[in-house]
1. Go through the range 94-113 and give me each residue that's more than 30 Å from residue 41 (Cβ to Cβ) and either in contact with a helix residue (DSSP H, G or I) (Cβ under 9 Å, 6 or more places away or on another chain) or touching a residue at least 40 places away in the same chain (Cβ under 8 Å) (or both).
2. Test of understanding: among 168, 176, which residue is at pLDDT below 95 and within 12 Å of the chain's Cα centre (by Cα)?
3. Enumerate the pairs (first residue in the range 34-59 and within 19 Å of residue 243 (Cβ to Cβ); second residue anywhere and assigned to a loop (DSSP other than H, G, I, E, B) and β-branched (Val, Ile, Thr)) with beta-carbon separation below 8 Å, excluding pairs fewer than 6 apart on the same chain, so at least 6 apart or on different chains.
4. Kindly check whether there is at least one residue in the range 133-153 that is assigned to a strand (DSSP E or B), over 17 Å from residue 235 (Cα atoms), in contact (Cβ under 8 Å) with a residue 60 or more places away in the chain and in contact with a Gly (Cβ under 9 Å, 6 or more places away or on another chain).
5. Kindly indicate the residue of the range 161-179 that is free of Cβ contacts under 8 Å to residues at least 40 places away in the same chain and hydrophobic (A, V, I, L, M, F, W, C) and also surrounded by the fewest Cβ atoms within 10 Å (Cβ to Cβ) among those meeting that condition.
6. Restricting the search to the range 181-207, which residues are over 30 Å from residue 147 (Cβ atoms) and either charged (D, E, K, R) or in contact (Cβ under 8 Å) with a residue 40 or more places away in the chain (or both)?
7. Kindly indicate the residue of the range 180-204 that is in a strand (DSSP E or B) and exposed (fewer than 10 other Cβ atoms within 10 Å of the Cβ) and also nearest to the chain's Cα centre (by Cα) among those meeting that condition.
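The values are calculated or read from the model by the stated rules, or taken from the named source; none is laboratory data. The model shown is predicted, which means the values in this text are computed figures rather than measured ones. All Cβ positions, glycine included, derive from the backbone under ideal geometry; neighbour counts span all protein chains shown.
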Amino acid sequence: MSVRKPTSCTDRGRLAAALVTWAVLSPSCTLSADTVPVRFPEGVAHGFLLLSSLDGKALADGDLIQTASGDRVTTRLLLQFRDGSLHDETVVFTQRNQFRVVRDHLVQKGPSFPRPLDVLVDAQSGEVRVRFTDDGKEKVVSERPELPADLANGMLLALLKNVRPEAARSTVSLIAATPKPRLVKLVIVPNGEDAFTLGSTPRKAVHYVVKVEIGGVAGLVAPLIGKQPADTHVWILQGEAPAFVKMEGPMYDGGPLWRLELARPSWPASAAKP
């Protein structure tokens, strides 16, 4: 009679990894689409940004540049790192009653990004194209998955300004590059209000926790092998004109937690003289 050897931790890890790979490569199930209603239309804006580690080390300076024409909005988030790296994302979306992505283009490259990426999501043609580098070789994956109406690529900050803080849970969809494209759900949960100050004036911002819900078999086994993406935390000032205050979370698959917040321009001493 043969005796079956106990399954080792390594074997279980390999099995879990195989299940994740199978689930990622398998066709995604159809996901329901709950678009975010437009409560506060986006317009022309230009903000200065600072990206830092959670311990306060400055990593990059950037701009959030937004233009609008009719109900069509173009937003570009550009971060230039101190080490020469680049994060550059431009999203075009419409805001007729609900927010809808038209086209999103993300480029990440340089030492701060272990795997350079060039991701294009074209909702009009249905194409999702990912260029990435693996073992020093450039690879291109082009697919045409079913893109839901609630796609949120490049629009998270705009959407959070329109999510009602009293809503217990909101969900939107996202094409994640892992590096191959995969459709996942973002679950948005309000986590109360946090106090901050603007100069000497006390303010409060709603703290949203954004969780990635992988779904399927991959979602079940991802926490077992340490593949569950970290949560993203975003703070939004409420009122007649909601505003982004701060965000903490990873900027790429498996990346460290970074902090993105508004920056204050500094002036040379000579500029202070009348």
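1. Narrowing the range 94-113 to residues more than 30 Å from residue 41 (Cβ to Cβ): 109-113.
The answer is 112, 113.
2. Details: 168 fails: within 12 Å of the chain's Cα centre (by Cα).
After ruling out the rest, the residue left standing is 176.
3. Here the result reads 36/163, each pair linking the range 34-59 to a residue that is assigned to a loop (DSSP other than H, G, I, E, B) and β-branched (Val, Ile, Thr).
4. No, the range 133-153 contains no residue that is assigned to a strand (DSSP E or B), over 17 Å from residue 235 (Cα atoms), in contact (Cβ under 8 Å) with a residue 60 or more places away in the chain and in contact with a Gly (Cβ under 9 Å, 6 or more places away or on another chain).
5. By that ranking, first place goes to 168.
6. The answer is 193, 194, 196, 203, 204, 205.
7. Taking the range 180-204 as the starting set, the residues that turn out to be in a strand (DSSP E or B) are 181-198, 201-204.
Now restrict to residues that are exposed (fewer than 10 other Cβ atoms within 10 Å of the Cβ): 192, 195, 197-198, 201-202.
Details: 192: 21, 195: 24, 197: 26, 198: 26, 201: 30, 202: 29 Å.
Taking the candidates together, the pick is 192.
For every residue, the table says whether it meets (1) closer than 23 Å to residue 183 by Cβ; (2) part of a strand (DSSP E or B); (3) not charged (D, E, K, R).
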{"site": "67", "(1), (2), (3)": "no, yes, yes"}
{"site": "76", "(1), (2), (3)": "no, yes, no"}
{"site": "80", "(1), (2), (3)": "no, yes, yes"}
{"site": "99", "(1), (2), (3)": "yes, yes, yes"}
{"site": "107", "(1), (2), (3)": "yes, yes, yes"}
